[in-house]
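To start, the structure under review is shown below, and the notes come after it.
The values are calculated or read from the model by the stated rules, or taken from the named source; none is laboratory data. Just so it is clear, the structure is predicted and the values come from calculations on it, not from any experiment. Cβ placement follows ideal geometry from the backbone for every residue including glycine, while neighbour counts extend to all protein chains displayed. Please note that ligands, DNA and RNA were not included when accessible areas were found on the heavy atoms of the full protein model with its side chains. Shrake-Rupley method; radii C 1.70, N 1.55, O 1.52, S 1.80 Å.
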Amino acid sequence: MTSLTVRKGRTAHARNLTLALAVLAAVCAASVALGSAELSPSALIDALLRREGAEGVTAIWELRVPRTLVGLGVGAALGLAGAIMQSLTRNPLADPGILGVNAGAATGVALAFAVFGLTDLRGSVWFAFAGAAAATVLVYTLGSRGYGGATPIRLALVGTAADAALLSIVWAVLLLDSDTLHRYRFWSVGSLAAVDSATLGQIWMFLVAGAVFALALGPALNALALGEDAARALGVHVGRARLLAVAAVTLLCGAATAAVGPIFFLGLAVPHIVRALIGPDQRWLLPYSMVIAPSLLLACDVLGRIIVRPAELEVGIITAFAGAPVLIALLRGRKRVGEL
Amino acid sequence: MTRTLTERPVKRFTLRAGGWSYLLPLRAAVVTCALVVVTLAVGVVSLGSGDYPLSPAQVIAALTGDGGTAGQFVVMRLRLPRLLVALGVGAALAVGGAVLQTLTRNALGSPDIIGLDRGAATGALLGILVLGGGSAAIAGSAVVGGALALVAVYLLAFRGGLRGARFVLVGVCVAAMLGAVNAYLITRADLWSANQAATWLVGSVAGSRWGHVAAIWIACGVLLPVLAAMSSRLRLLEMGDEVAVGLGVRAERARLAALACASALTCVAIATAGPILFVALTAPQLARRLTGVAGPPIWASAAMGALLMVVSDLAAQRLFGQAQLPTGVVTGAIGGGYLLWMLGRRRTA
């Protein structure tokens, strides 16, 4: 693995990334073109170019384009956040949810439905984001109190414990109030169906800020992968790098989960897939994850729209079903697994 | 994953009898005994509380057979089965979790991570939605689902031997797929079935009968001693296969045996009470921190799990007045909260 990575120069990476971007563009095009309203290619181009009067203009500009853009943003965010979490906690099982993001968002949404009487999924974005942010702050504060700051095992354990405590609150709320359960179960699957351009407007700033933080972290995460002492010797400010990483994950994953509900598998699987393809260099892992994750998410979304037309399957379900076999096949193909 | 090492050497007593000797780690023994005592005390309180309150003395009188007919009926027929099931399920889940965390060498490697719980849940959901939701149908299909999920993970991860990291990751993949199936089934169910499913998915010991008690206690009685006897080999496996093989452990065989025992224990517990959340994850971690020994603390985990369940069940019955919550709701809050507090208080993880 290592020798392969060393031989691959920047040009090879540039070529591969271009290829991945081309795939992403193709998937985006498919996401705009395919859906329950069938449009001929000419009608499609008409609708895209002339925004007035043509057949399907509403379907394209009100539904599919925002949906594709949100999928793009959410996918990239989850891929990035997953890659950062696995490096930060040095645990191949870590997904963005381990900081309590998903549980926090779920608590926010359940309380919004039960206590504040919210009836629509669209209004839940801010509650979800507030919950996610609060949970992460709690986990990070508790996780960094002991000796040596927020060590990987502490973060993972505190995150899981917070997860346990928060999800208990969610279940208590759901079981005492079946109306809330009724609304919550549709949120908890994770779906792009309910998003519109307003959703995009609510989350894009967080996604951009998170992505900037994340991409700036690559070299520091590389050094952290060697262990704390080595990283410190190489001039990395360990505490600050960890804090930045947590901030990036909160922004990215919190906004993504708030927008579309929890999509569990993507953040876990994509970094593993990328690492199997290109090796463990964080500087490349992050951009690759950022391109491959939205391709996977949007492809799954398109698939979900097609296979049970005119109904649709939620993207969270398809992502797990399409992604898991890929990851299993990759894992079976490798002699050693799990090293980061 | 890194493991916590104790800074001070562990104090031990050597027990000798004839040609047999056993090194007894002192702190672990004291902690386990203390946990058992507290568990029994909470158990007596739990037997005495409810719509027909009894004093601890009356409870003990009823248990020994001279508490009067009413007290006798309430304790022996209604409350004791529930308490015994809670004890057994807590111990079984905690030990299953302790063994799996050791085998996978990962603090997050509990049965719900590797797909066992999700498989059982898929089975139970099908039992509720397709077979109509009788309790025998749910329990049976849960066991079948859990076992199938585990076999699938084992076969998919097996590649001339089983390595911890691959096993866990394949388990996570299978768990993700099954979780998607479960979410799909719940969104497509009618609201009444969804409610029943949600209650089952959280897990509860309400409505336990003596039949449940027999099932879980037989499983514990057979499998706990077996796993305890294996714990020294498991501790060596935790150091890596090379070291373990060098020290005379048949790694693959020991791992398969431990995996089978731990899964059987977990499956029976889930079939009895549903996948009580977070006991398998938190109880072994708490036990490890309290005892400070290396290797899986089997007996301490069992005691911790039982205590967690009994306290949670008591809280679930009494905290919310008329609304009876399933036990699993409270295990997460208490176990997770306690782990958080403990991690926040200690200077080392």
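Grab the other residues whose beta carbon is less than 12 angstrom from that of A:S31, score K and R as +1, D and E as -1, and report the net.
Overall, the nearby charge balance is +2.
With the other protein chains left in place, how much accessible area per residue, in square angstrom, belongs to chain B at a 1.4 angstrom probe?
42 Å²
Does a label point 7 Å from the Cα of A:E62, set along Cα-to-beta-carbon, have any residues of the stretch A:308-333 with amide nitrogen under 20 Å, and which are they?
A:310-312, by backbone N distance to the label point.
Modelling each spin label as a point 7 Å along the Cα-to-Cβ direction, I'd like the A:R283/A:F116 distance in nm, to one decimal.
Placing both labels 7 Å along Cα→Cβ, they lie 4.4 nm apart.
Longest segment of chain A with no GluC sites (Glu not before Pro) in a DSSP loop having at most 13 other Cβ atoms within 10 Å? Show your work: numbers first, answer last.
Numbers: sites that count: A:E38, A:E52, A:E339.
With a cap of 13 other Cβ atoms within 10 Å, the longest stretch comes to A:53-338.
Which residue, B:T266, B:T199, B:T122, has the most motion in a Gaussian network model of chain B that connects Cα atoms within less than 10 Å?
Sorting by GNM fluctuation, first place goes to B:T199.
Multiply the residue separation of A:H182 and A:A311 by 0.36 nm, subtract the distance between their alpha-carbon atoms, and state the gained length in nm to one decimal.
Here the answer is 44.5 nm.
I'd like to know how the protein assembly as shown sits against the 2.2 N^0.38 Å rule of thumb: what's its Cα Rg over that expected value?
Expressed relative to 2.2 N^0.38 Å, the Cα Rg reads 0.98.
For the ranges A:171-181, B:324-334, what's the packing order if you count other beta-carbon atoms within 10 Å of each residue, average per peptide, and put the highest first?
B:324-334, A:171-181
Grab the DSSP H runs of chain A that are 4 residues or longer, score each as -39,500 (n - 2.57), total them, divide by all residues and round the 222 nm result to the nearest 500 deg cm²/dmol.
Per the formula, -24500 deg cm²/dmol.
Amide H neighbours of B:S49 under 5 Å, at least 5 residues apart or on other chains, H built in the peptide plane: list them.
Correct list: B:L54.
So what is the accessible area of the stretch A:97-247 per residue, in Å², with the probe set to 1.4 Å? Walk me through the numbers before you get to the answer.
Working: 5870 Å² over 151 residues.
Heavy-atom SASA per residue in the stretch A:97-247 reads 39 Å².
Round to a whole number: what % of the accessible area of the protein assembly as shown belongs to carbon and sulfur, probe 1.4 Å?
Carbon plus sulfur share of accessible area: 67 percent.
Among B:139-146, B:186-193, how do they line up by average Cβ neighbours within 10 Å per residue, starting with the highest? Working shown, then result.
Working: B:139-146: 22.5, B:186-193: 14.2.
Put in order of decreasing packing, that is B:139-146, B:186-193.
Order of B:251-258, A:15-22, A:188-195 by packing, highest average Cβ count within 10 Å first?
Top to bottom by mean Cβ count within 10 Å: A:188-195, B:251-258, A:15-22.
What distance in nm separates the two pseudo spin-label positions at B:R318 and B:A136, each 7 Å out from Cα along the beta-carbon direction?
3.6 nm
B:W210 to B:R235: extension gain in nm, 0.36 nm per residue of separation minus the Cα-Cα distance?
Full-extension gain reported as 5.4 nm.
Which percent of Cα-Cα pairs in the stretch A:2-333 sits in each 10 Å bin, short to long?
Calculated over all Cα pairs of the stretch A:2-333, the distribution is 6, 26, 33, 23, 10, 2, 0 percent.
So if each residue of separation counts as 0.36 nm, and I subtract the Cα-Cα distance between B:R250 and B:R159, what length gain in nm does that give?
31.1 nm
Sort A:D46, B:D241, B:D313, A:D229 from largest to smallest accessible area, using a 1.4 Å probe on the heavy atoms of the protein chains.
A:D229, A:D46, B:D241, B:D313
So if we plug the beta-carbon distance of A:L49 and A:W126 into 1/(1 + (r/R0)^6) with R0 = 30 Å, what FRET efficiency do we get, rounded to 0.05? Let's see the in-between values first.
Details: r = 36 Å, r/R0 = 1.19.
In this case the efficiency is close to 0.25.
Out of residues 5 or more away from B:R12 or on other chains, whose amide H comes under 5 Å of its own, with H placed 1.01 Å from N in the peptide plane?
Here B:L26 satisfy the definition.
Where in chain A are the DSSP H helices whose C-alpha atoms run 18 Å or more along the long axis and whose mean Kyte hydropathy is at least 1.0?
A:10-33, A:65-89, A:101-114, A:125-143, A:152-176, A:197-216, A:238-260, A:264-278, A:282-307, A:315-333
Mind listing, in residue-number order, the residues in the stretch A:179-224 that have at least 50 Å² less accessible area with every protein chain present than in their own chain alone (1.4 Å probe)?
A:L181, A:R185
Okay, helix-only estimate at 222 nm for chain B: each DSSP H run of n ≥ 4 adds -39500 (n - 2.57), divide by all residues, round to 500 deg cm²/dmol; what do you get?
-23500 deg cm²/dmol
What per residue convex hull volume, in Å³, do the alpha-carbon atoms of chain B yield? Write down the numbers at each step before the final one.
Values: hull volume 53.3 nm³, N = 349.
Enclosed volume per residue, from the Cα hull, is 153 Å³.
Please identify which residues in the stretch B:263-290 have an amide N closer than 18 Å to a label point set 7 Å out from the Cα of B:V30, following the Cα→Cβ vector.
Flagged as within label range: B:287-290.
If I model a spin label at A:S197 and A:A22 as a point 7 Å from the Cα along the Cα→Cβ vector, what separation in nanometres do I get?
Those two pseudo-labels are separated by 3.2 nm.
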